[in-house]
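Below is one structure, written out as structure tokens, with a few remarks after it.
Taken together, the values in this text are just the output of simple stated rules run on the coordinates, not laboratory data. The model shown is predicted, which means the values in this text are computed figures rather than measured ones. Note that each Cβ is placed from the backbone with ideal geometry, even for glycine, and that neighbours are counted across all protein chains shown.
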């Protein structure tokens, strides 16, 4: 019907947009792009075409064209925080100054973009200190990975490999990005090992790969090697502890987690990681888990995540009143803490306060938590 309308010169600006939408939703992205671009050529067009084309180009990996369309869209709608954030991401690999300008603008327009923007600011700053292009791309790609932008991260690691094919860490990170984007990761990871078997980064990323494919014994070997090569890094021991747990050695796993906290006794996140481990496995809540969470709160009393973890462990320990107190504090610190909403809903469900449980689960679900949706389907059909 849209084709007939086009043949009769009867397509309105909205019609051009909708014709492309139909194709895009049917999985014909290239045809949708062609139609939207034709729509822009009309005497009158829907400004929303710029935004449609920007997202479609990014999905297709046409990053430079996506940049141009985002810029055109923002000329007409400068307060679109999401568009500014996406533009900032796209510019990271080519124009670091403009990238930070857009990321900062996005965080000022919408606070939800402040944490990822700060993560990326750190990556941009660290990359600027390196003179080696390959190293710069690795740092930027790792930063993009931290904010779950793996398509762009993969592009960064591909650039890193092109800049220096002997960079083992670049190959290892490319293998990691390949896994996150649905590609095969083992070839790049094997290449990384050939280039530098004594890199903690290479061995650690190989450990993650083997965890994902279910080869836990080999994952343990890789994480043991990474910990030996980077013995002062507590993160290596948290990964090693997790590998012990996956292999069924919970005693050694817990000991390794505790050793990691000894390496960073003033790091709240390290204590929180230990507490979360105890909570996930339901072990040593009273003597290790809860004290670790309390230590995390003491070290960083403004941390919503630490208060949430402490509240969750009190819930697991069936002290629902104390759990509620800490979870409410977590939400006072960050009303968007989806995990705290979920855990508070669990507390209210145990207390048979169904109205408040429903409210918290709904909030958590609306913030993207799938487990909260499962609770709603099970207890509030």
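For residue 213 and residue 162, FRET efficiency with R0 = 30 Å and r from the beta-carbon atoms, rounded to 0.05? Rounded to the nearest 0.05, the efficiency is 0.65. Listing 24, 361 from fewest to most neighbouring C-beta atoms within 10 Å gives 24, 361. For 346, 57, 1, 82, the sequence from fewest to most other C-beta atoms within 10 Å is 1, 82, 57, 346. Between residue 267 and residue 97, the modelled labels are 3.5 nm apart [label points 7 Å from Cα along Cα→Cβ].
For the pair residue 3 and residue 129, the difference between a 0.36 nm per residue extended length and the Cα-Cα distance amounts to 39.9 nm. A convex hull fitted around the alpha carbon atoms of segment 281-381 yields 89 Å³ per residue.
In this structure, residue 336 and residue 283 have a Cβ-Cβ separation that, at R0 = 41 Å, corresponds to a calculated FRET efficiency of about 0.85. Note on segment 321-381 and segment 176-229: Cα centroid distance 37 Å, given to the nearest whole angstrom.
Look at 341, 28 and count the other Cβ atoms within 10 Å of each Cβ; fewest to most, that gives 28, 341.
Packing around the peptides 132-144, 97-109, taken as the average count of other Cβ atoms within 10 Å per residue, puts them in this order, highest first: 132-144, 97-109.
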